[in-house]
Amino acid sequence: MQLDSSVLGALRCFEAAGRLLSFTRAAESLNLTQSAVSQQIRHLEDRLGYLLFVRQPRRLKLTPKGEVLFETTTHALGDIQRTIRRLGLPNAPLQVNCLPSFALQWLMPRLTEFHRQQPEVSVRLKAEFQTLDRHAMDAEDIDVAVRYDPVRYSQLQAEVLLDEYLIAVATPEYLAQHPGFCSGASLDGAVLLHDASPWTGAAEFVEWRTWLEAFHPEWIAHLEGPQFNLSSLAIGAALNHQGVAMGRTALVYDEIRSGRLVNVFGKHVRAPARYVLLSRRPDDRRVAIFSTWLKAEFARFDTSRMALLSPDEATHSRE
């Protein structure tokens with residue numbers, strides 16, 4: 001039997017009826033009449049020379065040959081649909097914009113897996129501090145952005161991806177040289193390392209101040225220390241035994257897992273900011289594919305992160 005247009009149409013009706021086991025519901029799903037679906041399948045059975053369904057009073061049942069053909073038809077139509085969707089994607093790369101430290105420490109290492117899962121969606125990653133609104137995203141042709149800040153966005157599609165927690169981190173070598181600080185008895189000459197601009201308009205020393213207010217308010221008078229314009233630079237200084245950084249869990253998770261950095265006091269506090277996903281065209285299929293993947297990655301990270309942060313720790317929240 002040749003697969004002409006009439007047979008392909010009949011197979012489509014057959015797949016719907018086999019999936020729903022009802023000519024009536026198959027007709028509704030295909031926007032056809034029940035008699036049209038029934039007639040298509042009768043013609044298909046005539047051309048094949050065997051029955052595909054056992055017609056029962058209240059429902060249909062596939063015959064053994066019908067089950068074999070249904071499985072093959074389902075796979076074939078699924079492959080066709082996936083190919084059509086893939087070919088219908090825009091050719092232009094998806095423009096993704098995020099802060100430099102987040103790009104380096106969290107997103108970039110995970111993009112390989114995204115490209116493995118979604119080879120048809122090309123991502124162009126740009127890292128910068130730019131404050132974003134609808135006009136800026138349109139002007140720069142940004143499709144998707146991830147921001148870490150406390151801002152409430154109104155002109156863009158905005159979804160909170162993850163709350164962040166702050167932890168004091170340093171190398172084991174550095175802590176061995178500052179036992180008084182490590183025990184929480186005193187600053188003991190320890191150097192506090194700061195991200196000077198965790199987000200646009202952030203108050204000076206805001207992340208260290210947030211943590212100290214929760215656990216060591218008596219140290220707030222001694223907030224001075226080197227400041228960097230990237231959180232990754234402050235983390236790099238800590239990795240080089242230059243002091244204690246206030247780390248966001250997303251940026252120091254791998255270093256803590258490896259043992260290169262230590263959660264000094266075993267305590268964490270909720271940060272004043274959170275990670276937000278921004279998009280200007282959420283109906284773009286590339287945006288939907290990337291956003292779905294990114295949210296799943298954040299959910300997996302959150303599970304791993306909270307397992308690393310002991311549930312016995314004292315957790316303080318800032319609402």
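Every number in this text was worked out from the coordinates using simple rules, so none of it is lab data. Since the model is a prediction, treat every value here as computed from it, not as a measurement. Using ideal geometry, Cβ is built from the backbone for each residue, glycine included, and neighbour counts are taken over all protein chains shown.
How big is the charge dipole of the chain about its Cα centre, in debye rounded to the nearest 20, if each Lys and Arg gets +1 on its Cβ and each Asp and Glu gets -1 on its Cβ?
1760 debye
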Reachable lysines from residue 126, Cα under 29 Å, same-chain residues fewer than 8 places away excluded? 295
Among [x] 17.2, 50; [y] 28.5, 90; [z] 19.5, 59, the entry derived from the coordinates for Rg and Dmax of the Cα atoms in Å: [y]
In whole Hz, with x marking every Gly and Pro, tabulate ³J(HN,Hα) for region 96-101 from phi via Karplus 6.51 cos²θ - 1.76 cosθ + 1.60, θ = phi - 60°. 10, 10, 7, 5, x, 5
Within region 5-87: Cβ-based charge dipole about Cα centre, in debye rounded to nearest 20 (Lys, Arg +1; Asp, Glu -1): 180 debye
Quick one: among 38, 154, 101, which has the greatest mean-square fluctuation in a GNM of the chain with alpha-carbon springs under 10 angstrom? 38
Only Cα pairs within less than 10 Å get springs; with that Gaussian network setup on the chain, which residue of 149, 284, 46 has the largest fluctuation? 46
For the chain, whose charge dipole is built from +1 on Lys and Arg Cβ atoms and -1 on Asp and Glu Cβ atoms, the candidate among 29, 142, 166 with its Cα farthest towards the positive end is 29
Considering the options 229, 261, 76, tell which one lies farthest towards the positive end of the dipole of the chain, charges being +1 on Lys and Arg and -1 on Asp and Glu at the Cβ, about the Cα centre. 76
Per the charge dipole of the chain (beta-carbon charges, Lys/Arg positive, Asp/Glu negative, Cα centre), the residue among 48, 94, 193 reaching farthest to the positive end is 48
Gaussian network model of the chain, springs between alpha carbon atoms under 10 Å - residue of 15, 140, 113 with greatest fluctuation: 15
For region 92-319, what proportion of DSSP beta bridges, expressed in % and rounded to the nearest 5, is antiparallel? 60 percent
For the chain, the helices passing both cut-offs (Cα extent along own axis of 30 Å or more, Kyte-Doolittle mean at least -1.0, full DSSP H runs) are 64-87, 285-308
